[in-house]
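**Q** Just passing along the structure, written as structure tokens.
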Amino acid sequence: MTHTIPSGKVRADLWPDVAQAPSSLRARAGGPIAKSLFQGAIKRLPLEVRFPDGSVLGLGGPRMVIADPSSFYARLAHNGLIGLGEAYMAHEWEAEDLAAVMTVFAARVSKLIPQPLQALRGAILPHQPHRERNTVSNSRNNISRHYDLSNELFAEFLDETMSYSSAYFADLDAPDFHLLASAQQAKIDRLLDLAGVTEGSHVLEIGTGWGELALRAAQRGARVYSVTLSSEQKELAERRIARAGFSDSVQIELLDYRKVQGTFDAIVSVEMIEAVGFEFMPDYFQTLAARLRPGGAVGLQAITIGHERMLATRNSYTWVHKYIFPGGMIPSAELIAEQSALNGLTVENRMAFGQHYAQTLRLWDEQFSRNAAQVDELGFDETFRRMWHFYLAYSRAGFASGYLDVQQFQLRKSKG
């Protein structure tokens, strides 16, 4: 646990790469280049970027204020977009509407850097650490670093269903937080319908979350076997299911999905595929096929990215990897269809609803900000809160711009 510290002060023992701007040769020598590239890009963007000397760049739009240009450019030179996030965490730039600023960047991410320099991405920018590959031995630690932060922390911005994935709103016109629980249940119910979960179904859930999907499946009369790698989630999910009176219908186990045995009438998995990693995607789909009975269906909810962008960035190490989700990779719909076909699964139904995720993330971010004092009381410091705000706004921008999408897939295994 961290401890609350004064605004703007960054603890070097907790946040070493945030507390001090990099002083590497690449940061020093590349700073002027990063400055030129950044300012050249800003001149073409619908942003208003203000500098300490009073100068303003951009075509007008959401405001970004650069408070410490030299550190900001050093961070960009040192490790690209990781540096952008770390500079925000360090108060080296600010934005009144962070999501709006990030949406401008997200909508043009493939064009911000000249094409010849993009080809050097693999040689210049950091790569995923070997310890974060999603092997059976590494995955538990990767998951724990995010989901085991604190159940109480997640409760400060999630609704009462404790659902940590995109909701599906009946009306997408700026929904309020009080509508979030019903929208989460609507998402879950649709996924259970896709998987054909009814009374008597034996269901495998890959990725328990905090138990809402397993609970709703049990309410239909299904038996659920759910696996997770988060001990915090398992503990709270079991308590919630026991309180609802369904402990006899739901079994939750701390187990890697690759070690599940037996066959099931239906499989459901909500936004867990992003934690699999490109290297292990075949393992995931082989598991789905092996554990599903002939004629059964998978209800899969996945964040997706364009196929070409996925191929270009699949080995990248990003700010999200470093601070939020180690080892993750967002798949494309094409990759999901390809891996399904290779394992005897057919995509029978698919629905995209990315703008629903943008609204979900907006509601989470607003709730997190409202409950900042409670987050402090849990022991998370101000740098953590800036990091979390950046994460939620950064993610919202991806969906609002169309760079990311979220989709529900129905995968069917043939009867033969």
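The values are calculated or read from the model by the stated rules, or taken from the named source; none is laboratory data. Bear in mind the structure is a predicted one, so any value in this text is a computation, not a measurement. Reconstructed Cβ throughout: ideal geometry from the backbone, glycine too, with neighbour counts over all protein chains shown. Remember, those area values only see protein heavy atoms, side chains included, never the ligands or the DNA or RNA. Shrake-Rupley method; radii C 1.70, N 1.55, O 1.52, S 1.80 Å.
**Q** I'm checking my understanding of the structure. Among residues of segment 197-214 that are assigned to a helix (DSSP H, G or I) and of a type in the set (A, V, I, L, M, F, W, C), which one is surrounded by the most Cβ atoms within 10 Å (Cβ to Cβ)?
**A** This residue is 213.
**Q** Continuing with this model, one more query. Are any residues in segment 90-137 open to solvent by 20 Å² or more (accessible area, probe 1.4 Å), at pLDDT 70 or above, of a type outside the set (Lys, Arg) and farther than 24 Å from residue 397 by Cβ, and if so, which ones?
**A** Result: 129, 135, 136.
**Q** Quickly run through segment 360-413 and pick out the residues that are open to solvent by 40 Å² or more (accessible area, probe 1.4 Å), over 22 Å from residue 302 (Cα atoms) and small (Gly, Ala, Ser).
**A** Passing the criteria: 369, 373.
**Q** Taking residue 319 and the conditions (1) hydrophobic (A, V, I, L, M, F, W, C); (2) in contact with a Leu (Cβ under 7 Å, 6 or more places away or on another chain); (3) under 15 Å from residue 406 (Cβ atoms), which numbered condition does it fall short on, given that it satisfies the others?
**A** Every condition holds for residue 319 apart from (3).
A quick yes/no check of all residues on (1) touching a Gly at 6+ places or on another chain (Cβ under 9 Å); (2) open to solvent by 10 Å² or more (accessible area, probe 1.4 Å); (3) acidic (Asp, Glu):
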| position | (1), (2), (3) |
| --- | --- |
| 164 | yes, yes, no |
| 168 | no, yes, no |
| 171 | no, yes, yes |
| 175 | no, no, no |
| 180 | no, no, no |
| 183 | no, no, no |
| 195 | yes, no, no |
| 216 | no, yes, no |
| 248 | no, yes, yes |
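**Q** Looking at this structure, is residue 296 open to solvent by less than 30 Å² (accessible area, probe 1.4 Å), closer than 22 Å to residue 150 by Cα and either among the aliphatic types (A, V, I, L, M) or touching a residue at least 60 places away in the same chain (Cβ under 8 Å) (or both)? Write out each step before concluding.
**A** Values: open to solvent by less than 30 Å² (accessible area, probe 1.4 Å): yes; closer than 22 Å to residue 150 by Cα: no; either among the aliphatic types (A, V, I, L, M) or touching a residue at least 60 places away in the same chain (Cβ under 8 Å) (or both): yes.
Taking the combined requirement at face value, the residue does not satisfy it.
**Q** From the list 223, 243, exactly one residue is open to solvent by 20 Å² or more (accessible area, probe 1.4 Å) and either at pLDDT below 95 or touching a His at 6+ places or on another chain (Cβ under 7 Å) (or both). Which is it?
**A** 223
**Q** I'm trying to understand the selection: among the residues of segment 259-273, which are part of a helix (DSSP H, G or I) and surrounded by fewer than 18 Cβ atoms within 10 Å (Cβ to Cβ)? Spell out the reasoning first.
**A** So in segment 259-273, the residues part of a helix (DSSP H, G or I) come out as 259, 273.
Listed by number, the list holds a single entry, 259.
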